[in-house]
Amino acid sequence: MRILKTIIVCAMTIVAIPGCGGQNRQKQDDKPAVATKQNKAKADVEYLDKEAFISKIYDFESNPDIWKYKGDTPAIVDFYATWCGPCKQLSPILEELAAEYAGKIKVYKVDVDKETELAAAFGVQSIPMLLWIPAKGEPFVSMGMMPKAQLKASIDGRLLKTAE
């Protein structure tokens, strides 16, 4: 639980562009795109539910006090909602980055409306919220829409640098 509190505190202290934290939620029945030749980049982004998050990322139920990443590749987890404007802007950028950094990082997405328990466990109060997970070390959080150049700088400077 302590590691979750640390992540939440870090998220609260980051100065970021406002996201969709206080807007009314209007659910849409948007489904993730099926991989085709036209949208190959989308195939590199994996949508997670709670069970998949626990098996691939971190078992926050069994180990609430100790962060233990289950993967061996740095990752970004995008906590988003289908109705969120900044989330819709960020999504194609993350898809491009997933394709561009294929084999070097993994990009995951968690729909906060469908995975409310998971969003609550990580203190998601504003979206989009990105959980950055280096292969080794502690994760960090950023909130709000970011331009591609800023995302790339974080990937190169923080995620991949710690993997060396």
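Considering only protein heavy atoms, with the full assembly of protein chains and a 1.4 angstrom probe, order Lys152, Lys109 by accessible area, largest first. List each step's numbers first, then the result.
On the way: Lys152 65, Lys109 5 Å².
Most to least solvent-accessible, the answer reads Lys152, Lys109.
Of the GluC sites (Glu not before Pro) found in the range 48-140, those that fall in a DSSP loop while having at most 15 other beta-carbon atoms within 10 Å are Glu61. Pairs of alpha carbons in the range 67-114 separated by more than 18 Å make up 36% of all such pairs.
In this simple spin-label model, placing a label point 7 Å from the Cα along the Cα-to-Cβ direction at both Ser55 and Ala120 gives a separation of 2.4 nm.
The values are calculated or read from the model by the stated rules, or taken from the named source; none is laboratory data. In this text, all values refer to a predicted model and were calculated from it rather than measured experimentally. In this analysis, Cβ positions are derived from the backbone assuming ideal geometry, glycine residues included, and neighbour counts consider all displayed protein chains. Accessible surface areas use protein heavy atoms only, side chains included; no ligands, DNA or RNA. Shrake-Rupley method; radii C 1.70, N 1.55, O 1.52, S 1.80 Å.
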